[in-house]
1. Have a look at S78, S82 and point out the one that is outside any helix (DSSP H, G or I) and surrounded by 12 or more Cβ atoms within 10 Å (Cβ to Cβ).
2. Quick check: anything in region 149-164 part of a helix (DSSP H, G or I), surrounded by 15 or more Cβ atoms within 10 Å (Cβ to Cβ), in contact with a Pro (Cβ under 7 Å, 6 or more places away or on another chain) and modelled with pLDDT of 95 or more?
3. Scan region 96-122 and report the pairs whose first residue is within 16 Å of Q182 (Cα to Cα) and whose second residue is in a helix (DSSP H, G or I) and acidic (D, E), with Cβ atoms within less than 9 Å and a gap of 6+ or a chain change.
4. Taking region 35-49 on its own, how many of its residues are of a type in the set (S, T, N, Q) and loosely packed, with under 14 Cβ neighbours inside 10 Å?
5. Kindly provide the set of residues from region 157-171 that are in contact with a Gly (Cβ under 9 Å, 6 or more places away or on another chain) and among the hydrophobic types (A, V, I, L, M, F, W, C), ordered by number.
6. Checking the conditions here, which among Y108, Y174 is among the hydroxyl-bearing types (S, T, Y), at pLDDT 95 or above, open to solvent by 20 Å² or more (accessible area, probe 1.4 Å) and in contact with a Gly (Cβ under 9 Å, 6 or more places away or on another chain)?
7. Could you tell me whether E122 is in a helix (DSSP H, G or I), under 23 Å from G43 (Cβ atoms), open to solvent by 30 Å² or more (accessible area, probe 1.4 Å) and of a type in the set (D, E, K, R)?
Amino acid sequence: MKVGDDALGGRLPLADPSTLTHTQQELFDSVMANQLPWANDAGFRIRTDGGRLIGPFNTFLRHPEIALPFLGFAAAESDHTSLPDRVREVVIVAVGAAWGAGAQYELYAHKILACRLGLSPEVIKALGEGDVPDDLSDDEKLAVRVARQLLIEHRLDDDLYHAAEEAFGQQGLYDIGAVMGQYQTVCTLLTMFQVPAPE
């Protein structure tokens, strides 16, 4: 079911592009240049037909001085990760699953991205519900188990750590932590401001 544009900000009104401050405009322009083509190519929405940002991007406009460097961190994480695309994506969906209903926009966008990477709808649904589907590769299952143990139990036991270190190396473990941190921030903002998915 499609959510009306007026409700897409959740607890926040959608920022009017014609009233942005200089720094908000800088953030808006960055999103238009970098995130909009990515979202359009993938097939999920980050703005209304009237040009207002939705999802986490509308929340970012509340403090662009922090959000701009955060988007720089996100770009560096994505550009320099050592993780295969599918491993990275299952970790992102695992983060959204841990946040549940509050992260519906994150799950909406990243289920679409996971599908584009060849994950089946059944596997994506199971991941989004917090499961570790058998149809994932061994490395994908391992990454999901690492993410879920960190997210739910706030620890990583020795056996799981060593298995993940053997599979991904120390840099890969760092990269799992970095992408988790990025999407924990996104899910925190989405949950705090009750930001819905557009459909």
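1. On the way: S78 fails: outside any helix (DSSP H, G or I).
Going through S78, S82 in turn, just one is outside any helix (DSSP H, G or I) and surrounded by 12 or more Cβ atoms within 10 Å (Cβ to Cβ): S82.
2. No, every residue in region 149-164 fails to be part of a helix (DSSP H, G or I), surrounded by 15 or more Cβ atoms within 10 Å (Cβ to Cβ), in contact with a Pro (Cβ under 7 Å, 6 or more places away or on another chain) and modelled with pLDDT of 95 or more.
3. From residues that are within 16 Å of Q182 (Cα to Cα), the pairs are G96/E106; W99/E106; H110/E89.
4. Looking only at region 35-49, we keep the residues that are of a type in the set (S, T, N, Q), and these are 35, 40, 48.
Filter again for loosely packed, with under 14 Cβ neighbours inside 10 Å, leaving 40.
Selection size over region 35-49: 1.
5. Just the residues of region 157-171 that are in contact with a Gly (Cβ under 9 Å, 6 or more places away or on another chain), to begin with: 164-165.
Scanning region 157-171 gives a single hit, A164.
6. Values: Y174 fails: in contact with a Gly (Cβ under 9 Å, 6 or more places away or on another chain).
None of the others qualify; the one that does is Y108.
7. On the way: in a helix (DSSP H, G or I): yes; under 23 Å from G43 (Cβ atoms): yes; open to solvent by 30 Å² or more (accessible area, probe 1.4 Å): yes; of a type in the set (D, E, K, R): yes.
Against the criterion (in a helix (DSSP H, G or I), under 23 Å from G43 (Cβ atoms), open to solvent by 30 Å² or more (accessible area, probe 1.4 Å) and of a type in the set (D, E, K, R)), E122 qualifies.
The values are calculated or read from the model by the stated rules, or taken from the named source; none is laboratory data. Everything numeric here is computed off the predicted structure, so don't read it as measured data. Neighbour counts are summed over all protein chains in view; Cβ atoms, including those assigned to glycine, are modelled from backbone coordinates with ideal geometry. The area values use the complete protein model at the heavy-atom level, side chains included, leaving out ligands, DNA and RNA. Shrake-Rupley method; radii C 1.70, N 1.55, O 1.52, S 1.80 Å.
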